[in-house]
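Q: What follows is a single structure, and I will ask about it in a moment.
What follows draws every value from the coordinates through simple rules; no lab data is involved. A quick note: this is a predicted structure, and the numbers were derived from the prediction, not measured. Here the Cβ positions follow ideal geometry from the backbone for every residue, glycine too, while neighbour counts run over all protein chains shown.
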Amino acid sequence: MGQLKWWQKTLVYQVYPKSFLDTTGSGQGDIPGITSKLDYLGSLGVGAVWLTPVYPSPMVDNGYDIADYTDIDPSYGTMEDMEELIAEAGKRNIRIVMDLVYNHTSDRHAWFLESRTGRDNGKSDWYIWRNANPDGSAPTNWRSIFGGSAWTWCEERQQYYLHTFAKEQPDLNWENPEVRQALYDAANFWLEKGVGGFRIDAIVYIKKPQEFRDGPPDSADGMVNIHSMTANTNGILDFLREFREKVFDGKDIFTVAEANSVGPEELHDWVGELGVFDMLFEFSHTNLEFTNGEIWCQATGYRPEIIPALKKCLTASQKATADNGWYPIFFENHDQPRCVRHFFPDDADPVHAAKAIALLLFTLRGTPFVYEGQELGMDNVSWGSIEDYNDISSHGQYELAREEGYAEDVAMRFVQRYSRDNARTPMQWTMERHAGFTTGEPWLPVHEDYATYCVETESVAEGSVLSFYRKLSRLRRSGKASEVLQRGNYVEWTGLGDMIYAFRRQWAGKEVTTLVNFGSEEVHYEPQGMDQTELLAATHPMPAKGVLRPYEAVCCMGDCLAGRGKGVQKS
Ligand code: GLC
């Protein structure tokens, strides 16, 4: 491994702008709000901020339905605000990373408005149009990811158009070179503004299969999740290689693609020396409760069995990138429930849970991605009625559960556990009304526990989740453990039981060991090879070698040439 790049050494922080900080009293966050918190982000050691979309949008999917790729939605501010954010961030050594949503646009995008008018306009094949079946039904039985058919009838054009997500998010036709060029131009526009990279949304769906066929139904509605029919199909890499060449090649930026379904065995085509991106998000470790696609009413909820599976997934991705490529380490984002509930049973202390995940985040090999509020230990919400939820996928999944015959209260339990709104409640800044997020009415209610879990409280409270994040971020950035944490190889330490996840990172004769107890039982283990170690961080006060209390996690540093670990090691 040669020199590490800047983005391999830093911490990336994901901002969901609508929920970050409102400076106008509108009840929605905005770009000046982000700029005003750059010092806070700097104090966490953040080197890049990934913004979920801030482009003009009807906000059917909170900005993932883009109506113009090269402008700013007025609710977020102006292009000048954006330029100021990029410049102010730059002064603090923070790069701004934009979200490219290139599988689809909004149905209000000028391209779609033209395309839908008929079959012979300049943009007529910029989207995916098909005739109805002879009986008038949709071309295939594909279900969109948000629920309901993936095809919507357009009266004006007398054809169906395809949408992987909501009907307001028509899929672009990447087969058309003009479409591809228009997308590359938009990305280059942002590079000229000085952004430091891109997160690339839903990219596995851009290449559609040669033939559109029905798939085997996966639920009572007779449909099949479009994901299993169109994700990562043959030929996608040709598009992606062109994308890299026309936009990213030779630039001092990073790219991270959302690439659900790209497994470790294909990684060499996707990341690393010959791959198309620098990193990719794949979701095997966050999808462990789903036995079939991501249908919420077919999920199992938390079970202790997900922990051995979690270890397996994390080890697989660490191994897959050991010699080639690099992983983003993440446990939360704007689509996931909060991790304090995700990987722990309801009776686990959320502070311990949040810290245990933080230890993994900073000690696994890869770039840590922190989602806003994760550093505070923010928790899920639990609202009573589907009407309380804004997230479009919650509504689709609720309908699906009802169609499957689940009672209202059961359908609501799925929503409460998996709704993306769990991660989208406003950021908790202060103990004041609405957690200091807005002086108006917040677009989503603030979590009721905000006075305990907010920046103001946690900046001074001893043992807070925030202080733990600051400490771990420092450890990874500078000091004696930093090289091992950034560069060290990964060796899993197995044999400590199903609920313990343990591994060692090794570099230049130094070693960092992380041990996490995901279980509710105290566990005793032989601390082999740890006699010379020094404690770096721990979730509980007064940790003892050889014992892990329920949900306790520790991280120690030692000299691996002195005391060798003899646990069964899997490399
Ligand atoms: C990605 C985004 C998600 C969005 C979807 C459609 O999965 O992370 O928030 O709804 O793409 O663009």
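Q: Dividing the alpha-carbon Rg of the chain by 2.2 N^0.38 Å yields what?
A: Here the Cα radius of gyration is 0.96 times the empirical estimate.
Q: Could you point to the residue in Phe248, His227, Trp296 farthest towards the positive end of the stretch 184-312's charge dipole, with +1 and -1 charges on the Cβ of Lys/Arg and Asp/Glu respectively?
A: Of Phe248, His227, Trp296, it is Trp296.
Q: Could you check the spin-label model distance between Glu432 and Arg213? Points 7 Å from the Cα along Cα→Cβ, value in nm.
A: For the pair Glu432/Arg213, the computed spacing is 6.1 nm.
Q: Separate question: For the residue pair Ala182 and Glu521, what label-to-label distance in nm results when each label sits 7 Å from Cα along the Cα-to-beta-carbon direction?
A: 6.0 nm
Q: Quick one: net charge around Gly196, please, counting Lys, Arg +1 and Asp, Glu -1 for every other residue with C-beta under 9 Å from its C-beta.
A: 0
Q: Filter the GluC sites (Glu not before Pro) in the stretch 276-384 down to the DSSP loop ones having no more than 16 other Cβ atoms within 10 Å, then list what survives.
A: Glu305
Q: For the stretch 30-58, list residues with backbone N below 16 Å from a point placed 7 Å from the Cα of Arg92 toward its Cβ?
A: The answer is 30-51.
Q: For Thr70 and Asp409, FRET efficiency with R0 = 45 Å and r from the beta-carbon atoms, rounded to 0.05?
A: 0.45
Q: Ok, one more. Taking the Cβ of Asn225 as the centre, find all other residues whose Cβ is under 12 Å away and add up their charges (Lys, Arg: +1; Asp, Glu: -1).
A: The answer is -2.
Q: Which cross-chain or sequence-distant (5 or more) residues have an amide H under 5 Å from the amide H of Ala257, H modelled 1.01 Å from N in plane?
A: Ile200, Met279, Leu280, Phe281
Q: Considering only DSSP beta bridges with both partners in the chain, what is the antiparallel share in %, to the nearest 5?
A: 60 percent
Q: Add +1 for every Lys or Arg and -1 for every Asp or Glu among the other residues with Cβ under 13 Å from the Cβ of Asp388, and state the total.
A: -2
Q: Taking 0.36 nm per intervening residue step and subtracting the Cα-Cα distance, what contour gain separates Arg130 from Glu273 on full extension?
A: Residue separation times 0.36 nm, minus the Cα-Cα distance, leaves 47.6 nm.
Q: Please get the size of the charge dipole for the stretch 489-559, origin at its Cα centre, with Cβ charges of +1 on Lys and Arg and -1 on Asp and Glu, quoted in debye to the nearest 20.
A: 200 debye
Q: Could you give each residue of the stretch 277-291 its phi-based ³J(HN,Hα) in whole Hz, using Karplus coefficients 6.51, -1.76, 1.60 with θ = phi - 60°, and x for Gly or Pro?
A: Along the stretch 277-291, the couplings run 10, 7, 8, 9, 8, 10, 10, 4, 7, 9, 9, 5, 7, 9, 8 Hz.
Q: In the stretch 40-103, what trypsin sites (Lys or Arg not before Pro) fall in a loop by DSSP, with at most 15 other Cβ atoms inside 10 Å?
A: Arg92
Q: Among the aspartates and glutamates, which have Cα under 15 Å from the Cα of Lys9 when same-chain residues fewer than 8 positions away are ignored?
A: Excluding near neighbours in sequence, the set is Asp252, Asp278, Glu483.
Q: Please name which of Tyr490, Gly519, Pro543 has its Cα lying farthest along the dipole of the stretch 489-559 towards the positive end, using unit charges on Cβ (Lys, Arg +1; Asp, Glu -1) and the Cα centre as origin.
A: With unit charges placed on the Cβ atoms, the residue in question is Tyr490.
Q: Measure off 7 Å from each Cα along the Cα-to-Cβ vector at Gln532 and Gln3, then give the distance between these two points in nanometres to one decimal.
A: Here the answer is 3.2 nm between the modelled labels.
Q: Which far-off residues, 5 or more places away or on another chain, put their amide H under 5 Å from the one on Ala553, with H placed in the peptide plane?
A: Asn517, Thr539, His540
Q: Let me ask you something else. Within the set Lys355/Lys480; Lys355/Lys510; Lys246/Lys480, which residue pairs have Cα atoms separated by over 32 Å?
A: Beyond 32 Å between Cα atoms: Lys246/Lys480.
Q: When the dipole is taken about the Cα centre of the chain, and only Lys, Arg (+1) and Asp, Glu (-1) are charged at their Cβ, what size is it in debye, to the nearest 20?
A: With only Lys, Arg, Asp and Glu charged at Cβ, the dipole is about 2180 debye.
Q: Amide H neighbours of Lys510 under 5 Å, counting only residues 5+ apart in sequence or on other chains, H built in-plane at 1.01 Å?
A: So Lys510 has HN proximity to Cys560.
Q: How far is the Cα center of the stretch 171-220 from the Cα center of the stretch 228-249, in Å?
A: So the separation of the two Cα centres works out to 8 Å.
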